[in-house]
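Data block below; observations after.
The values are calculated or read from the model by the stated rules, or taken from the named source; none is laboratory data. Remember, it's a predicted structure, so these values are computed and weren't measured experimentally. When we count neighbours, we look across all protein chains shown, and the Cβ atoms used for this are built from the backbone with ideal geometry, even at glycine.
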Amino acid sequence: MKEKHTILITGGCGFIGTNFIKDLIEKDSVKQIVCIDNLSHGNFLNGIHDNPKVAFHEEDILNYGELDIFFGYYKPDYVFHFAGLVSIYDCFKNPHKAFENNIMGSVNIFELCLKYDIKKVIISETSAMYEDSKILPHIEEDWVPKTTYSASKACMHMIAESYKKTKGLTYTGLRYFNVYGETQDFSRTVPPASCGFGIRLMQRKNPIIFGDGNRRRDFIHVDDVNRFHMMCIEDSRTDNDVFNIGTGESISLYEMIDKIAKCLSIDDYKITQAPEIAGEAFDIKANIEKAEALGWKPRVSFEEGHNSLILYLKKLFEEGIFPDDFMDNIDTDSVKI
């Protein structure tokens with residue numbers, strides 16, 4: 001009989017964590033899912049986080065004592081560490097909180113993975129670590145962080161490497177590019193572009209672009225991301241290595257808004273230009289040769305994925321979920337260079 005796993009997920013009520021739990025529930029190879037989230041940004045969703053296969057605990061990764069209890073009780077086989085402060089904007093405004101969560105919280109997770117002999121921890125790194133890289137498309141070896149957010153994630157990566165070399169930790173680092181899909185966190189101070197543009201257009205308001213709209217990003221659908229998550233469990237070739245998780249293609253923010261407007265059958269719109277967020281890269285695009293060499297490649301096209309996302313957002317819009325002042329009160333002066 002095939003071994004069944006217990007998977008512990010930090011930040012399991014966030015966008016990526018929620019979608020991954022939804023996938024894991026359907027996997028026969030998964031016995032139990034332990035979800036840890038302090039709900040400061042994530043959302044507890046009925047039908048996912050209250051599933052009989054899921055044990056949810058509202059807890060902070062900075063609380064080592066409580067985490068120790070959960071690790072000892074559930075004895076997880078694999079840990080997916082998604083928790084942390086993820087907004088470039090919020091990290092810029094509150095560096096103490098960014099470094100405390102993204103570095104010290106990660107140290108807690110690594111220590112407990114060693115204490116309880118976890119098979120592997122999978123950590124969420126970021127394509128923002130390539131902000132100052134001159135190589136395009138970006139390769140895993142040339143990471144040059146610049147913002148507070150990317151610097152905190154780079155520190156997490158270096159600590160994981162140190163723990164691998166000196167303490168025997170087994171890890172996989174995943175450098176997510178611009179992940180999008182259903183349940184994306186639109187309530188973030190500066191929401192992800194896909195839902196930020198879509199919601200503003202639905203409300204017949206100007207989409208807001210920070211800096212130059214010719215800025216390009218590599219958008220990867222969360223379903224494609226989750227397929228690589230499963231490879232991290234099933235394929236030992238992912239051990240102690242770092243992988244770019246993107247599409248290898250990029251699109252400008254102007255082009256993106258135009259495509260989303262077409263999805264909504266909107267022909268006439270204007271754009272509000274806001275100051276550039278300090279340190280953001282102009283062009284981000286993944287070199288995915290390492291991931292492809294393992295047999296993975298993205299399947300969901302930008303158009304297919306965004307058509308699906310817009311249908312999801314339209315349903316929420318019709319239910320009156322989005323506030324009338326969505327993105328109206330962002331303090332743009334606090335982030336400009």
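With respect to the stated conditions, Tyr149 fails to be aromatic (Phe, Trp, Tyr), in a helix (DSSP H, G or I) and surrounded by fewer than 16 Cβ atoms within 10 Å (Cβ to Cβ). Here is the figure for segment 33-79: residues that are assigned to a loop (DSSP other than H, G, I, E, B) and more than 25 Å from Asp235 (Cα to Cα) total 20. All of (1) assigned by TED's automatic domain parsing to the domain that holds Phe80; (2) in a loop (DSSP other than H, G, I, E, B); (3) β-branched (Val, Ile, Thr) hold for Ile266 with one exception: (1).
Taken over segment 260-288, the residue count meeting the criterion of being surrounded by fewer than 15 Cβ atoms within 10 Å (Cβ to Cβ) and basic (Lys, Arg) is 2. Look at Ile9 and say whether it is hydrophobic (A, V, I, L, M, F, W, C) and farther than 14 Å from Val225 by Cα. When the stated conditions are applied, Ile9 passes them. Within segment 289-303, the residues that satisfy the criterion of being out of contact with any Phe, Trp or Tyr (no Cβ under 9 Å at 6 or more places or on another chain), surrounded by 11 or more Cβ atoms within 10 Å (Cβ to Cβ) and either farther than 24 Å from His138 by Cβ or not charged (D, E, K, R) (or both) are Pro298, Val300, Ser301. Taken over segment 160-188, the criterion of being part of a helix (DSSP H, G or I) and crowded, with 18+ Cβ neighbours inside 10 Å is satisfied by Ala160, Tyr163.
Being surrounded by 19 or more Cβ atoms within 10 Å (Cβ to Cβ), under 17 Å from Ile208 (Cα atoms) and out of contact with any strand residue (DSSP E or B) (no Cβ under 9 Å at 6 or more places or on another chain) is a condition met by no residue of segment 251-259. Apart from one condition, Leu136 fits all of (1) among the hydrophobic types (A, V, I, L, M, F, W, C); (2) more than 20 Å from the chain's Cα centre (by Cα); (3) part of a helix (DSSP H, G or I); the exception is (3).
None of Phe186, Phe210, Phe177, Phe228 is over 14 Å from Ile122 (Cα atoms) and modelled with pLDDT of 95 or more except Phe177. If you check Ile251 against the conditions, is it aliphatic (A, V, I, L, M), under 28 Å from Phe326 (Cβ atoms) and touching a residue at least 60 places away in the same chain (Cβ under 8 Å)? No: the conditions fail for Ile251.
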